[in-house]
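Asker: Here it is: the structure, laid out below.
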Amino acid sequence: MARPIALVTGASSGIGAAFAEYLAEIGHDLVLTARDRDRLEERAQELRVRFSIEVEVIKSDLATNEGIKTIELRLENRSRPIDVLINNAGFGINKSFSVSDRQSENDLLDVLVRAPMRLMHSVLPGMQERDNGTIINVSSVAGWIAGGSYSAAKSYLTVMSESLNTELRGTNVRVHALCPGFTRTEFHQRGRMRMSGLPDFMWLDTRTVVEAAWQNALRGRAVSVPGFQYKALTFLIRIVPRSVVRRVGMSARARQRQK
């Protein structure tokens, strides 16, 4: 019997790499995509050796139409269909919107919003035809605060996941939004964000985050928020006045920016 195939974007490090390892461990072949082919190939070979699976590597920049189209074509390949899509690729901008570079803002919108939307639109027809499939969109608790364009993009991803989860209820196609808080990855270093003041208890582990998301997705849940600290935080966000959420969110983002 053929193994199911999972496609993971942003698979060279962080949550994407953790998803790739976990899915390989539970018996999936993989399609890994990111911008850095060398890191992908290194990661792919390690997974082939450890888990005796097939791993396909696709270099793709999801900030470009060509990059998104490359992945769309793979998702639409019915001869080796994709059973699991992990929309994980992303990045942050360490400047406020009013002074940030317009191209960076456009790239963020492409990677965090346009790419996941197009990839879901590409893979869903096959999943619905087979009445089987899982999509996990890596969103963020930032989607509940006012933290600039990153928060706005993650809000879209969470709401879109909730909408599709509801639309596909009663089928065996599952769409889930994973909304972690601060997780130990390269994300903040790449974005040149100051994180030294964050207490240890606020950091999450990638493996824990990934396992929780997978189990919640299989249960049909629309959203998961890993960690007691972030469950408490999102509860507070829902009940305090929105004006307070805006002030706190923008203050937190300002403290992360490097001068």
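The values are calculated or read from the model by the stated rules, or taken from the named source; none is laboratory data. As the structure is a computational prediction, the values presented were derived from the model and not from experiment. Cβ atoms come from the backbone with ideal geometry, glycine included; neighbour counts cover every protein chain shown.
Asker: Please count how many residues of the range 151-181 are in a helix (DSSP H, G or I) and not charged (D, E, K, R).
Answerer: Here the count works out to 14.
Asker: Let me ask something else. In the range 88-103, what count of residues is obtained for those that are out of contact with any Asp or Glu (no Cβ under 9 Å at 6 or more places or on another chain), at pLDDT 85 or above and surrounded by 15 or more Cβ atoms within 10 Å (Cβ to Cβ)?
Answerer: Counting residues in the range 88-103 that are out of contact with any Asp or Glu (no Cβ under 9 Å at 6 or more places or on another chain), at pLDDT 85 or above and surrounded by 15 or more Cβ atoms within 10 Å (Cβ to Cβ) gives 4.
Asker: Kindly indicate whether ALA115 is under 25 Å from ALA18 (Cβ atoms) and at pLDDT 95 or above.
Answerer: yes
Asker: Output yes when any residue across the range 177-186 is over 29 Å from HIS28 (Cβ atoms), surrounded by 12 or more Cβ atoms within 10 Å (Cβ to Cβ) and at pLDDT below 65, and no when none is.
Answerer: Scanning the range 177-186 turns up no residue that is over 29 Å from HIS28 (Cβ atoms), surrounded by 12 or more Cβ atoms within 10 Å (Cβ to Cβ) and at pLDDT below 65.
Asker: Does GLU72 meet the test of being of a type in the set (Asp, Glu), under 23 Å from ARG207 (Cα atoms) and free of Cβ contacts under 8 Å to residues at least 60 places away in the same chain?
Answerer: In short, no.
Asker: If ASP131 satisfies all but one of (1) crowded, with 22+ Cβ neighbours inside 10 Å; (2) more than 17 Å from the chain's Cα centre (by Cα), what's the number of the condition it fails?
Answerer: (1)
Asker: So which residues in the range 40-79 are among the charged types (D, E, K, R), at pLDDT 95 or above, within 24 Å of GLY133 (Cα to Cα) and assigned to a loop (DSSP other than H, G, I, E, B), if there are any at all?
Answerer: GLU54, GLU76
Asker: Does any residue of the range 68-85 turn out to be closer than 27 Å to ALA212 by Cβ and more than 19 Å from the chain's Cα centre (by Cα)?
Answerer: yes
Asker: Okay, moving on. Can ALA146 be described as modelled with pLDDT under 95 and surrounded by fewer than 20 Cβ atoms within 10 Å (Cβ to Cβ)?
Answerer: For ALA146, the condition - modelled with pLDDT under 95 and surrounded by fewer than 20 Cβ atoms within 10 Å (Cβ to Cβ) - is met.
Asker: Just to be sure before I move on: is GLY67 on the phi > 0 side of the Ramachandran plot and crowded, with 18+ Cβ neighbours inside 10 Å in the structure I sent?
Answerer: No: the conditions fail for GLY67.
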